[in-house]
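All remarks here apply to the structure that follows.
The values are calculated or read from the model by the stated rules, or taken from the named source; none is laboratory data. Just so it is clear, the structure is predicted and the values come from calculations on it, not from any experiment. Every residue, glycine as well, gets a Cβ built from its backbone with ideal geometry; the counts of neighbours run over all protein chains shown. SASA here: full protein model, heavy atoms, side chains in, ligands and nucleic acids out. Shrake-Rupley method; radii C 1.70, N 1.55, O 1.52, S 1.80 Å.
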Amino acid sequence: MEWFSLDFLIALFSIVIIDLVLAGDNAIVIGMAARNLPKHQQKQAILWGTAGAIAVRSLATIFVVWILKIPGLLLIGGILLIWIAYKLLVEKKGEHDSVQAGTTLGSAIRTIIIADTVMSLDNVLAVAGAAHGNFILVILGLLISVPIIVWGSRLFIKLVDRFPVIIYLGGGVLAWTSAKMITDEKLLQQWMDEPLLKWGIIVLIIAGVLAAGSMKNRKSAATEDAA
C-alpha cells in the first residue's frame, strides 16, 4: 500500500473513525480514574496514563496485525468484528461511577492503563483489520485519534447523542472492515477471485449489520415508549 494512495487514505480514515467510535468511553474512564487526585496531579495522571495506554495498545495492535497473517485467523477476526459492529449500534453506553479512582499518582496511572487495555480489545482487533498489515497506519491512526479521544471525548459523545448517524457511520466502517478481512482471507481466495461474489459479500455484510442494528434500536425504542 503506497503512502497517501487512495487505499492508504481510506484505511487511515477507517482507523480514525474506529478509534473514535469505539474509544469514546475510554476517555471518560481516564477522567474517573484521576478524579480523586489533587488538581495539579490530575493532568500528570491523565498524560502519563494515556501515554502508557497508547504504548500498550500500539504493541497489542501490532501483535494482532502479525497474528492475523496466520491462515484462517483473518476469517475468524472478521466474523468477530461483525458482532462488534452490531454491538456498537445497539449497546447503550455504560455508567462509569464504579471505576475505582486512584488516590495516588501511581495508582491512578495504573488504573488508567489497565482500564484502557481491557476496554480496547475490540478496538485493537478492528484497527488491526483496517490496517491491512501496515504498521505505519496503526501509529498514524493512534496519533490522530488519541488526542481527540482524550481532550474531546465529552464533545464527541454529545455529538453522537445529537446526531446518531455518527454511530451508524462507525458501524458501517466496522462492517466494511470485517467484510474486507473475510474476503481477504487466503483460504477463501479461490472463491474471492470472482469480483461479483466478493463485492456481494461485502455489501451483504454492511447492509446486514446496519439493518439488524437499526431494527433492534427501533424495537427497543418502541418497547420504551410502550412502558
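Miscellaneous remarks
- Here region 175-227 yields Rg over Rh of 1.26, to two decimals, using C-alpha coordinates and the Kirkwood radius.
- Stretched out straight at 0.36 nm per residue, the stretch from Leu187 to Ile76 would grow longer than its current Cα-Cα span by 38.8 nm.
- Order by protection proxy (mean Cβ within 10 Å, highest first), peptides 133-140, 173-180, 120-127: 173-180, 120-127, 133-140
- In this view, the solvent-accessible surface of Arg218, computed with a 1.4 Å probe and all protein chains in place, comes to about 150 Å².
- For the pair Phe63 and Phe135, label points projected 7 Å from Cα toward Cβ lie 1.5 nm apart.
- Were the residues from Leu204 through Arg218 laid out at 0.36 nm apart, the gain over their Cα-Cα distance would be 3.0 nm.
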